[in-house]
1. Could you grab me the full set of residues in region A:199-211 that are within 14 Å of chain B (Cβ to nearest Cβ), among the β-branched types (Val, Ile, Thr) and assigned to a helix (DSSP H, G or I)?
2. Please enumerate the residues belonging to region A:233-246 that are closer than 19 Å to A:Val13 by Cβ and open to solvent by less than 30 Å² (accessible area, probe 1.4 Å).
3. If you take just the helices (runs of 4 or more DSSP H) that sit entirely in region A:46-132, which of them hold at least 2 residues that are modelled with pLDDT of 80 or more?
4. Please pick out the residue among A:Gly232, A:Gly214, A:Gly180 that is at positive phi and either touching a residue at least 24 places away in the same chain (Cβ under 8 Å) or within 11 Å of another protein chain (Cβ to nearest Cβ) (or both).
5. Can you name the number of the only condition in (1) modelled with pLDDT of 90 or more; (2) more than 28 Å from B:Glu236 (Cα to Cα) that B:Leu45 fails?
6. Among the residues of region A:161-171, count how many are open to solvent by less than 10 Å² (accessible area, probe 1.4 Å) and touching a Ser or Thr at 6+ places or on another chain (Cβ under 9 Å).
7. Going residue by residue through region B:139-156, is there one that turns out to be closer than 27 Å to A:Leu197 by Cβ, at pLDDT 90 or above and among the β-branched types (Val, Ile, Thr)?
8. So, B:Glu250, is that one over 20 Å from B:Ile32 (Cβ atoms), assigned to a strand (DSSP E or B) and out of contact with any His (no Cβ under 9 Å at 6 or more places or on another chain) or not?
Amino acid sequence: MLCALLVGMLCGVIGVYIVMRGMSYIGHGLSHAIFGGAVVSSLMSINFFIGASVWGFISAVLINLATKKKTIGADAAIGIITTASFALGIAIISKFKTFTRGFDAALFGNVLGITNADLIAVIFVTLFAFIIVLVFYKQLLFATFDYDVAKYYGVPVIWIDVIFSMTLAATIVVSMQVLGVTLIAAAVVIPAVVSRLLTNNFLHMLIFSTIIGGFCGLFGIYLSYYLDIASGASVVLFSSLLFIIALLYSTYKGRITRTINIRKNKFHL
Amino acid sequence: MLYQSQNSLSEILIQFDSVSGGYEGEMTLNNINLIIKKGEFIGMLGPSGSGKTTLLKSVLGDIRIYSGEIIINGKDEYKNELNIGYVPQLETIDWNFPITVRQLIEMGMIRTSKYFPWIKKEGKLAVEAISNRLGLEELMNRQIRELSGGQQQRTFLGRALVSNPDVLILDEPTSGVDIRTKEEIMAILNSLNHQGVTILMTTHEINSVASQLPRVICLKNSIIADGSPNEIFTEENFYATYGATVKTIEHDGSKFVIEML
């Protein structure tokens, strides 16, 4: 439960930067890329966390570099780099059949397969991510809002990219066991989108997204247990339900605000 | 209204010595020789792709220089300690980003309080001071997308000015705004220039903006003309810059251009 709560909070806070940078697809792509790294590290008998994290970090940096090239769109860059990495993982599995971690769990998540080492890794990465967000709050905000201009104001955008890529890769690596490769993207994106629908304040968005992510992680796991379905699927389904509610609420609120404005204008006329 | 630069123009702030450069493998600027003195108010004219934005970015150290050198405040460009405020083209801004006027202006203080996640007290005071100076005090908690064109431009000016820069660089500050807002923006820039801020800006508007400035540079990858509008607004210079035929007329001491379509 603690693991699901932390993974939800972690994905929630990182997701805000992903969504606001317009790179929602990166979570999906990077989780697939990391799957390739996990398989390669298994083949080479390297520790899963180290191998997958290094692979994920390199992929994230490559994606960031490729997206800066204006001639390639972000979606195309993510698609090429990550699918190639995923394909490599599949090719190695089909050839050597060496992947020791549950294949289904890696793809769809299985919270019951979590070891003490997994939990320690989740705690460590969550603490690391929150420290990074707190310490580099201003720099991350500026680089997310206006990357090209941030460097003229003294924001070390390349280092901020490196640190963020590291945090993102680590987030996806430790979330893989709970959420699964195929479902991480939704867990990263949905809490951030829901919080965006609820607030117009970036700091509040970070706080809401963290709470919503943690809430979805916790209740998703409850659902997974009672309905006997894959943990990743239940977390994402529960998040999606919250998204629909938030969408309806914001549409209704928007209509009310518009009506009030029209009445105010009529009154002034 | 013809704007005048502030009086003392002796100290050289930025010097381009035969600079050729651009982005990856692309030579956008060709043999640029230019001196910008402290307190000047300069506008750059030229067609799209003529290197106006590249020249601005070369001052910010963001282009590759293939030959020549840029000396800023007496030092090599990459070692310069000049405090530069930059206002980008507003068309490039994500207006749906959840950010208030206050948060945006506070971004300009990032150099002075970079080791803290929050803005220090002096920074907050500077933000208050600049918002009052630009008439933004009532709008500080508003989202940037809720502002009018002039208010948006003033907010971005606030971000550039809050750290008290030596030079203000603006990329097409009057693009896409109505006549009244344009007038408002130009009046603010003129007032800032008279308070000692050196201003370098690009514009596409020859009659409503460039003709009012004390110094204009016509650029088409290299400098075609450099001087006051009355000196350089000639049919030959505009043909060399734009490849278009224009007529120039004089009215109330200023020179204007008529397009010959």
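The values are calculated or read from the model by the stated rules, or taken from the named source; none is laboratory data. In this text the structure is predicted, and so the values were computed from the model without any measurement. Note: ideal-geometry Cβ built from the backbone for every residue, glycine included; neighbour counts use all protein chains shown. What goes into the accessible areas is simple: the full protein's heavy atoms, side chains included, and nothing from ligands, DNA or RNA. Shrake-Rupley method; radii C 1.70, N 1.55, O 1.52, S 1.80 Å.
1. Scanning region A:199-211 gives a single hit, A:Ile207.
2. First, the residues of region A:233-246 that are closer than 19 Å to A:Val13 by Cβ: A:235-236, A:238-239, A:242-243, A:246.
A:Val235, A:Val236, A:Ser239, A:Ala246, listed by residue number.
3. Once the helices (runs of 4 or more DSSP H) in region A:46-132 are filtered for at least 2 residues that are modelled with pLDDT of 80 or more, what remains is A:48-68, A:74-96.
4. Testing whether each residue is at positive phi and either touching a residue at least 24 places away in the same chain (Cβ under 8 Å) or within 11 Å of another protein chain (Cβ to nearest Cβ) (or both) leaves just A:Gly180.
5. The single condition B:Leu45 does not satisfy is (2).
6. So the count comes out to 3.
7. yes
8. Values: over 20 Å from B:Ile32 (Cβ atoms): yes; assigned to a strand (DSSP E or B): yes; out of contact with any His (no Cβ under 9 Å at 6 or more places or on another chain): yes.
Against the criterion (over 20 Å from B:Ile32 (Cβ atoms), assigned to a strand (DSSP E or B) and out of contact with any His (no Cβ under 9 Å at 6 or more places or on another chain)), B:Glu250 qualifies.
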